[in-house]
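Visitor: First, the structure itself, so that you have it in front of you.
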Amino acid sequence: MSALAFDESRKVEPVSKYDFVPEVVFSGNKSAGNFYKWDNTGISNEWKGSVYFNTCPICESARKQKIEAQGFDYLSYKLSNYLEKNERKLEYLQVWGKGEIELEFKIINGNKNATDNDGVIEVKLVADKSEFELVGTQKFDVNIGQTIKIKLKVNKITPYIESGSVSGKTQNMLKAPSIEFYAYDDTSGYFDFKGTVSGKILVGKFAILPWSCVNEGWSKVSPFIADSDFVVYTTDCLVAAKAQIKKEKYRTADSGYSEDFDYAYLVYKDQKGRLGDKDAKGNPLVTNKPKDPIIYKEAFTKAVAYLKESMPNSVPVIVGVDHSQRSASYPSTGGDGTSDHFIVFVGMDKDSSIIHGNESTCYFYFFDNAVSNGYSTSNKIYSNCIENTMTSSATNTFISATGYKKYFVTQVRKSVKIK
């Protein structure tokens, strides 16, 4: 149901059969524009640009924090009191990227006693024009059951809530823009005077939450290390990776990993290293089910930004990955508890369309020194700014033999030019 709506009417007369009392809901029609649902099953693989959230766990977390901090629920607004239901499930329209998107909404009956089937819907945008504009028709003669389409032009992205895991920082959702729908009984110049509902009533309101994505402005950089300079693994993947970047006159800023971004970015960590069937002391676990990973959103954003700057300047970067439940670095002293392999990023590009199971088209090329032909341009790590993760689509022999049969990037180590 629609949400985030507020009706200032204090006195509500009984609704009669002559009244037009609709409710505007998001149609969920995917063909109407580049927006998709995110529900408990995850994010659609058909991600293209702008996203509609049926429910928004991130938004709900921020809302709960506000309630606890301020003692009131600043998002508990109601639709018109003429509608039957007093409580509405909160809904959010989340957009990512500039340009126009077409949104489709459905007109449904909001009160069983109101049987007047037609009326007028007017659309209002509560937003700064520098950020959003409505394009085209904003007033519709409608019937119950009909759908209407509106075009929203995104001029500027100003995040009102952080994407990814909520960090506990103050959210600015009170100032979030919104789309409002008002209804009144006046189709083609005719007004039904027998009805008790008069004036325009608010029958739908959707908060717009822009999402800033670090993938914006993605460059195309072909692998800048020649195949002939590929370093073949002998005894240790990290040693091979360091030898690989040394050929380009680079070294890592320091060893190990850093949670403070001084010389590395820790972006992903499995709970207790995904030990599988044994704990840190070698004792059997009750279940083999992997624990939920810890995703470091801020580190992910900074790491991708660093990589986007490094690749166009031909700076190779060593990256730690997780490929199996049992991490080789756990519980070793100094290990991050997850990384069990290292690769080298050597370029970046972007798919023209979704051709894999990831929700992104932006990727980094990588050398995998554990494989004799690990310089293949099929080795790609995709940057997903929705989930704040980087994962592979490569299928080389080393990956195929691992537990996950793919790589999850765990850490990104900064490179320093050798003088």
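The values are calculated or read from the model by the stated rules, or taken from the named source; none is laboratory data. Remember, predicted model here, so these are calculated numbers, not experimental data. In this analysis, Cβ positions are derived from the backbone assuming ideal geometry, glycine residues included, and neighbour counts consider all displayed protein chains.
Visitor: Does SER383 satisfy the criteria of being modelled with pLDDT of 90 or more, surrounded by 20 or more Cβ atoms within 10 Å (Cβ to Cβ) and under 21 Å from the mean Cα position of the chain (by Cα)?
Guide: Values: modelled with pLDDT of 90 or more: yes; surrounded by 20 or more Cβ atoms within 10 Å (Cβ to Cβ): yes; under 21 Å from the mean Cα position of the chain (by Cα): yes.
The answer is yes for SER383.
Visitor: Further question: Going by what's in this entry, would ASP292 be described as in contact with a helix residue (DSSP H, G or I) (Cβ under 8 Å, 6 or more places away or on another chain) and modelled with pLDDT under 90? Quick ask: steps written out before the conclusion?
Guide: Details: in contact with a helix residue (DSSP H, G or I) (Cβ under 8 Å, 6 or more places away or on another chain): yes; modelled with pLDDT under 90: yes.
Yes; evaluated as a whole, the condition is true for this residue.
Visitor: Specify which of the listed residues (ALA127, ALA183, ALA176) is modelled with pLDDT under 85 and among the hydrophobic types (A, V, I, L, M, F, W, C). I'd like the intermediate steps shown before the answer.
Guide: Working: ALA127 fails: modelled with pLDDT under 85; ALA183 fails: modelled with pLDDT under 85.
Step by step, each of ALA127, ALA183, ALA176 is checked, and only ALA176 is modelled with pLDDT under 85 and among the hydrophobic types (A, V, I, L, M, F, W, C).
Visitor: OK, next. Could you grab the pairs with beta carbons closer than 7 Å, sequence gap of 6+ or different chains, first residue in the stretch 343-361 and within 22 Å of ASP322 (Cβ to Cβ) and hydroxyl-bearing (Ser, Thr, Tyr), second one at pLDDT 80 or above and part of a loop (DSSP other than H, G, I, E, B)?
Guide: SER360/ASN215
Visitor: Right, something else. Can you name the number of the only condition in (1) at pLDDT below 80; (2) in a loop (DSSP other than H, G, I, E, B) that GLY199 fails?
Guide: (1)
Visitor: Continuing with the same structure: Taking only pairs six or more apart or across chains, which ones have beta-carbon atoms under 9 Å, a first residue in the stretch 135-158 that is without any contact (Cβ under 8 Å) to a residue 24 or more places away in the chain, and a second residue that is assigned to a strand (DSSP E or B) and surrounded by fewer than 15 Cβ atoms within 10 Å (Cβ to Cβ)?
Guide: Listed by first residue and then by second, the contacts come to GLN138/GLU122; LYS139/GLU122; PHE140/GLU122.
Visitor: Name the residue, out of THR410, THR395, THR377, THR389, that is at pLDDT 85 or above and either more than 14 Å from VAL319 (Cα to Cα) or not assigned by TED's automatic domain parsing to the domain that holds GLY320 (or both). Steps first, answer last, please.
Guide: On the way: THR410 fails: either more than 14 Å from VAL319 (Cα to Cα) or not assigned by TED's automatic domain parsing to the domain that holds GLY320 (or both); THR395 fails: at pLDDT 85 or above; THR389 fails: either more than 14 Å from VAL319 (Cα to Cα) or not assigned by TED's automatic domain parsing to the domain that holds GLY320 (or both).
Only one candidate qualifies: THR377.
Visitor: Here's something else I'd like to know. Tell me which residues, restricted to the stretch 106-144, are in a loop (DSSP other than H, G, I, E, B) and over 25 Å from the mean Cα position of the chain (by Cα).
Guide: The answer is GLY110, ASN111, LYS112, ASN113, ALA114, THR115, ASP116, ASN117, GLY136, THR137, GLN138, ILE144.
Visitor: Looking at the stretch 393-414, which of its residues are farther than 20 Å from THR377 by Cβ, hydrophobic (A, V, I, L, M, F, W, C) and touching a strand residue (DSSP E or B) at 6+ places or on another chain (Cβ under 6 Å)?
Guide: Matches in the stretch 393-414: PHE408, VAL412.
Visitor: Which one of these is at pLDDT below 90, crowded, with 21+ Cβ neighbours inside 10 Å and closer than 14 Å to ALA241 by Cβ: ASP336, ASP368, ASP340?
Guide: ASP340
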